[in-house]
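Below you'll find the structure, written out as structure tokens, and then a few comments.
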Amino acid sequence: MKKYLWLLACVAVWGSSAAVAGDPVAGKAKSKPCAACHGPDGNSPAPDFPKLAGQPYDYLVTALRHYKSGDRKNAIMAPQAANLSRRDMEDLAAFYSQQSGLKVKY
Amino acid sequence: MLWSAAAIAFMAGAGSGIAAEGDPAAGKGKKTMCAGCHGIAGYKTAFPEVYSVPKLGGQHAAYIVKALQAYKSGERHHPTMRAIAAGLTDQDMADLAAYYATDTPRTANK
């Protein structure tokens, strides 16, 4: 029984890390510069700056990657994303995707 | 009563800084093309890259308008969004933004 539980725990950990590569705790620590515009939990108080809270993980990673590559152009986000590693992007995306805010609206 | 309601509506419009006044009810009637992707939980765009489409429920109206304008001008270049935004007027964008910015009980969780 104990052995079986271990196996279950391993599968659970493997399953969750496969879906989201980033670490939300590390992401929170790295989110300080983002908070000025996007709010401390990604629920931006300013109408011109998008809310990030609850946005899908892979959307956030893709957006940051596009800002860094220049595929998506924005005078504020370009210099911010330029300094982020792939790992930083994944950690930030893990943090913001787990905050509650945005919803799918049909 | 009607007068004060009109005054409040006017002030809200003046304060929002959005060029066109958005009507959430009108936006609801225009969202058909949006709902096919943004209305499905976990939906992913497949071209040119595979990733989840952003959630719009509760997003700032001003940001949604800005994003749609950037697609229309070509500043943002996701092919599907460019094609859709090309057919939207400023009024359409404001209405859609007002619809999605308003979080209602119709909002699906997740």
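Please treat every number below as a calculation from the coordinates, not as lab data. Please read these numbers as outputs of a predicted model, since none were measured by experiment. Because the Cβ atoms are built from the backbone with ideal geometry, glycine has one as well, and the counts that use them run over all protein chains shown.
Each Cα pair of segment A:22-97 feeds into the Kirkwood radius, which the Stokes-Einstein equation turns, at 10 °C and 1.306 mPa s, into a diffusion coefficient of 132 µm²/s. For segment B:19-101, the orientation-averaged shadow of the C-alpha convex hull comes to 5.0 nm² (one quarter of the hull surface). In order along segment B:47-63, the phi-based Karplus estimate (6.51 cos²θ - 1.76 cosθ + 1.60, θ = phi - 60°) of 3J(HN,Hα) comes to 9, x, 10, 8, 7, 5, 6, x, 6, 10, x, x, 5, 4, 4, 4, 5 Hz; Gly and Pro are listed as x.
Put in line by how crowded their Cβ is, counting other Cβ atoms within 10 Å and starting with the fewest, A:SER44, A:SER85 read A:SER85, A:SER44.
Computed from phi, the 3J(HN,Hα) profile of segment A:94-106 under the Karplus parametrisation 6.51, -1.76, 1.60 (θ = phi - 60°) reads 5, 5, 5, 5, 8, 7, 9, x, 5, 10, 6, 10, 7 Hz, with x in place of Gly and Pro. Can you flag which of A:LYS105/B:LYS30; A:LYS32/A:LYS73; B:LYS44/B:LYS72; A:LYS105/B:LYS28; A:LYS103/B:LYS31 are past 18 Å Cα-Cα? With Cα atoms farther than 18 Å apart: A:LYS32/A:LYS73; B:LYS44/B:LYS72. Full extension of the chain between B:ALA46 and B:ALA26 gives 4.3 nm of extra length, using 0.36 nm per residue less the Cα-Cα distance.
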